[in-house]
Amino acid sequence: MKIDYFDQDIKEVLFDADAIREKVRELGDRISRDYAGKEIVAVCVLRGSLVFTADLIREINLPMEIDTMVISSYGASTKSSGVVRIIKDLQTDITGKHVLLIEDIVDTGLTLDFLIRNLESREPASVKACVFLDKPERREKEVRVDYKGFDIPNEFVVGYGIDFAQRCRNYPAVAVLKPEAYEK
């Protein structure tokens, strides 16, 4: 599927819709096996992981609750500010429950570390992190990623829920933006 609207801003497609679908199926199967016999609380970190979460939970063959958090560390920039803020917290009490934290991307590790520590402080049975994209070159804080989709280079990517200044979330693949797209 090609969306011409985005062509002017895309430098390179890293993962097309077929590769993404296959990876999400693999992750769903693995999570289903690992949590067999358990109920989980899937925590979607909005807005970037919305598309990934929607596809992933349909591939997980387990009973689950779903909740969302909104976190801010980027604003309209292409680089994390390093300051993590909870904009919208969970509504679900996760005490004694198995939590699957679903995040779109981990780069510096600061946001994911903050989220894991925050959720663990609420005394769940377990917290595991499922990350769609991993940018290991940018890591400032080592974090545990239990389930990972793809490694990506140290470039700013968009698509499949991931945005630049709220644009490109609906691009059906994961792509690198052209530098001139940052200036629009």
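The values are calculated or read from the model by the stated rules, or taken from the named source; none is laboratory data. Fair warning: this is a prediction, and the values are worked out from it, not measured in the lab. Cβ coordinates were reconstructed from backbone atoms using ideal geometry, including for glycine residues, and neighbour counts include every protein chain displayed.
Among the residues of the stretch 126-184, the ones that are modelled with pLDDT of 95 or more, farther than 16 Å from residue 13 by Cβ and of a type in the set (Phe, Trp, Tyr) come to 1 in all.
To keep it simple, each residue is scored yes or no on (1) surrounded by fewer than 16 Cβ atoms within 10 Å (Cβ to Cβ); (2) under 16 Å from the mean Cα position of the chain (by Cα); (3) in contact (Cβ under 8 Å) with a residue 40 or more places away in the chain.
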| position | (1), (2), (3) |
| --- | --- |
| 30 | yes, no, yes |
| 37 | yes, no, no |
| 70 | yes, yes, no |
| 73 | no, yes, no |
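When the stretch 142-184 is limited to residues that are over 19 Å from residue 73 (Cβ atoms), touching a helix residue (DSSP H, G or I) at 6+ places or on another chain (Cβ under 9 Å) and of a type in the set (Asp, Glu), the one that is surrounded by the most Cβ atoms within 10 Å (Cβ to Cβ) turns out to be 146. Does at least one position in the stretch 111-118 carry a residue that is closer than 19 Å to residue 164 by Cα, modelled with pLDDT under 95 and not basic (Lys, Arg)? Yes: one or more hits.
Of the residues 145, 131, the single one that is without any contact (Cβ under 8 Å) to a residue 40 or more places away in the chain, within 15 Å of residue 45 (Cβ to Cβ) and assigned to a strand (DSSP E or B) is 131.
Among residues of the stretch 129-141 being buried (at least 18 other Cβ atoms within 10 Å of the Cβ), out of contact with any helix residue (DSSP H, G or I) (no Cβ under 6 Å at 6 or more places or on another chain) and of a type outside the set (A, V, I, L, M), the one that is farthest from residue 29 (Cα to Cα) is 135. Residues of the stretch 145-184 that are of a type outside the set (Val, Ile, Thr) and within 13 Å of residue 20 (Cβ to Cβ): 149, 150, 159, 160, 161, 171, 172, 173, 175. Residues that are in contact with a strand residue (DSSP E or B) (Cβ under 7 Å, 6 or more places away or on another chain), surrounded by fewer than 22 Cβ atoms within 10 Å (Cβ to Cβ) and charged (D, E, K, R) within the stretch 81-115 comprise 85, 88, 89, 97, listed in sequence order.
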